[in-house]
Amino acid sequence: MEEMRLLKMLQKDPRATVTDLADILGESEQDISDAITSLEEKKIIVGYHTIINWDKTSEERVEAIIEVSAKPERDKGYDKIAERISRYPEVSDCYLMSGKNEFFVIINERTMREIADFVGQKLAPIDGVLATVTCFVLKKYKAAGVMLDAEEEVDDRQPVTP
């Protein structure tokens with residue numbers, strides 16, 4: 001079975017049924033089901049997510065991207081700091097990055113004040129965190145490879161006639 005093709009299909013549409021995946025990949029439903037179970041057990045597939053355009057709901061949400069400068073720990077590097085940051089429920093994403101700062105942290109809260117409190121009271125005091133830079137997301141255009149507010153393009157080309 002083409003495992004990478006299965007992964008890409010599930011990434012694009014996590015709601016795809018085993019039956020549909022089996023048909024597209026030319027495999028049995030049992031083989032697809034077994035492959036998905038194996039990928040989940042190996043922690044290759046670690047979750048299934050829905051992309052929500054929060055701007056179209058009545059829910060107030062503020063998203064912030066926080067650059068974190070940190071000092072690595074002896075024998076542990078950045079892993080221990082990343083684990084401490086990632087344990088906070090406010091943190092939706094945490095990445096070790098190359099460049100000016102070591103971490104890229106994304107959090108979602110209801111207000112800018114809640115984000116400021118998180119940074120000042122929880123994130124900045126972590127041992128090894130040297131500095132933070134908080135950027136607020138003003139508008140999302142694309143998330144997880146999906147255009148959020150794009151209107152469907154209309155093909156207004158005229159047919160070619162012989």
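Quick notes on this one:
- Candidates per trypsin sites (Lys or Arg not before Pro) in the stretch 52-119, loop by DSSP, up to 15 other Cβ within 10 Å: ARG61, ARG74, LYS76, ARG87, LYS100, ARG110
- If you wrap the Cα atoms of the stretch 1-74 in a convex hull and average its projected area over all directions, you get 8.7 nm².
- Over the chain: helical MRE at 222 nm, DSSP H runs n ≥ 4 each giving -39500 (n - 2.57), nearest 500: -8000 deg cm²/dmol
- Dipole magnitude of the chain, debye to nearest 20 (Cβ charges: Lys/Arg +1, Asp/Glu -1, about Cα centre): 900
- Stretchable slack from VAL133 to SER33, in nm (0.36 nm times residue separation minus alpha-carbon distance): 31.6 nm
- Against the set (1) 75, 42, 29; (2) 46, 41, 35; (3) 66, 43, 33, the structure's computed Cα extents along the principal axes in Å falls on (3).
- Ordering VAL62, TYR78, GLN121 by the projection of their Cα atoms onto the charge dipole of the stretch 54-140, which places +1 on the Cβ of Lys and Arg and -1 on the Cβ of Asp and Glu, puts TYR78 at the extreme positive end.
Every read-out reported here was derived from the displayed coordinates using simple, explicitly stated rules and does not represent laboratory data. The structure displayed is predicted, hence computed values, not measured ones. When we count neighbours, we look across all protein chains shown, and the Cβ atoms used for this are built from the backbone with ideal geometry, even at glycine.
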